[in-house]
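Coordinate-derived values only; no laboratory data. Computed from a predicted structure; not experimentally measured. Neighbour counts run over all protein chains shown; Cβ positions are idealised from the backbone, glycine included.
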Amino acid sequence: MLLPIISVSDFSHLTQQNLVILDARAGKNMHEIYLEKHIKNARIIDLDKDLATIGDDPAFGGRHPLPTLEKFSDTLSRLGIHEDSHIVIYDDKNGANAAARAWWMLKSFGFEKVQVLDGGIQAAEKFGLEFSSGEEQYSQANVIKKENWRLATSTIEEVENAICSNRSTVIDVRDAYRYLGESEPIDLIAGHIPGAINIPFSENLNSEGLFLKPEELKEKYSLILKDKNNNLIVHCGSGVTACHTLLALAYVGIENTSLYVGSWSEWSRRDREIAKN
């Protein structure tokens, strides 16, 4: 079985022709940074343009709503991704920038062979992988059509109903200070969804910025989720870093998960109850 996380050592031995490497680093001047240096043969994928369709009002869909299936299909075609492609994604934030979001969307679109590079570009540099600069040349692929996202998502109403009925456990993966409402660096209001528990995504990683071993992650989540509903709704600020925890859960075989795409950026703008501390 293909694990959703691949070590840089194992990655270095991949030679198949259907391999597609995606650079999912995000932030200002990301394209210029990519052109300056990237893993050889990597193709750039943009969080704001390719992995989201950003609307005028985050109150409806959050700061990074999913694109339509048609738009994402066009993105995959432009990137030369075929149905049999083996896709490896990296970023510079240990998967939490956009690599995990790309992984979740590709899996939800129906791809089976999708992995995130453990440790990202920093691990690749440390290992001594070959790097390139400038644009990479590759051919477009035929457009792949899909009718629905395959992985579960939750709307704001579904999150609210799930908490009220105790049908799901809602996990907030933001840093503790944001969850506690001590301060909020991005959205308008600090705090958290009442009833949500806080498991910061950073706790999926060890001190070297690599994912914990599967047995360590499984023990960690088993202890935290003991006696809680095993239907999990995961969210963050805008539905991006939540995918880091969804990736970690998939890594250890924990299923029954759903992504609240709108996350805190939507909830905090929709006149819903807000908890602190």
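Under 13 Å from the Cβ of Val8, count the other residues' Cβ atoms, weight Lys and Arg +1, Asp and Glu -1, and hand me the total.
Working: positive: Lys126; negative: Asp10, Asp118, Glu125, Glu130, Glu208.
My count for the surroundings of Val8 gives -4.
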Q: Determine the relative contact order of the stretch 5-132: mean sequence separation of Cα pairs under 8 Å and six or more apart, normalised by residue count, in whole percent.
A: 37
Q) Taking square-rooted eigenvalues a ≥ b ≥ c of the alpha carbon gyration tensor, is the stretch 71-193 rounded, prolate or oblate, where a/c under 1.5 means rounded and, failing that, a/b exceeding b/c means prolate? A) oblate
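Would you list Cys243, Cys164 from fewest to most Cβ contacts within 10 Å? Walk me through the numbers before you get to the answer.
Working: Cys243 31, Cys164 10.
Lowest to highest Cβ neighbour count: Cys164, Cys243.
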Q) Build a GNM of the chain with springs between Cα atoms under 10 Å: which of Thr53, Thr15, Thr68 gets the top mean-square fluctuation? A) Thr15
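Using a Förster distance of 25 Å, how high is the FRET efficiency between Glu208 and Asn230, based on the Cβ-Cβ distance and rounded to 0.05?
Values: r = 30 Å, r/R0 = 1.22.
Here the calculated transfer efficiency is 0.25.
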Q | Ile197-Lys146 FRET efficiency (beta carbon distance; Förster radius 22 Å; 0.05 resolution) | A | 0.10
Q) In the Gaussian network model of the chain, springs joining C-alpha atoms below 10 Å, which of Ile144, Ile21, Ile186 carries the largest mean-square fluctuation? A) Ile186
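Tell me, rounded to the nearest percent, the portion of alpha carbon pairs in the stretch 180-220 spaced more than 17 Å apart. Walk me through the numbers on the way to the answer.
Values: 408 of 820 pairs.
Here the tail beyond 17 Å accounts for 50 percent of pairs.
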**Q.** Residue pairs, from the table Lys40/Lys93; Lys49/Lys107; Lys107/Lys146; Lys28/Lys93; Lys37/Lys113; Lys49/Lys113, whose Cα atoms sit over 21 Å apart
**A.** Lys37/Lys113; Lys49/Lys113
Q) So what does log10 I(q)/I(0) come out to for the chain at q = 0.10 Å⁻¹, using the Debye formula with one equal point on every Cα and no solvent? A) -0.50
Q | Whole-Å distance, taken between Cα centres, linking the stretch 107-145 and the stretch 1-66 | A | 7
Q | Fraction of beta bridges assigned by DSSP in the chain that are antiparallel (%, nearest 5) | A | 15
**Q.** Positive-end residue of Val234, Thr155, Asn256, charge dipole of the chain with Cβ unit charges
**A.** Asn256
(Q) If neighbour count is taken as other Cβ atoms inside 10 Å, put His244, His64, His13, His31 in order from fewest to most. (A) His13, His31, His64, His244
(Q) If I build a Gaussian network model for the chain, linking alpha-carbon pairs within less than 10 angstrom, which residue out of Ala152, Ala102, Ala196 has the largest mean-square fluctuation? (A) Ala152
Q) Rounded to the nearest 0.05, what FRET efficiency is calculated for Ser9 and Ile186 with R0 set to 25 Å and r the Cβ-Cβ distance? A) 0.10
Q: May I have the pair-distance distribution P(r) for the stretch 5-132, computed from all Cα-Cα distances with 10 Å bins from 0 and rounded to whole percent?
A: 13, 46, 33, 8, 1
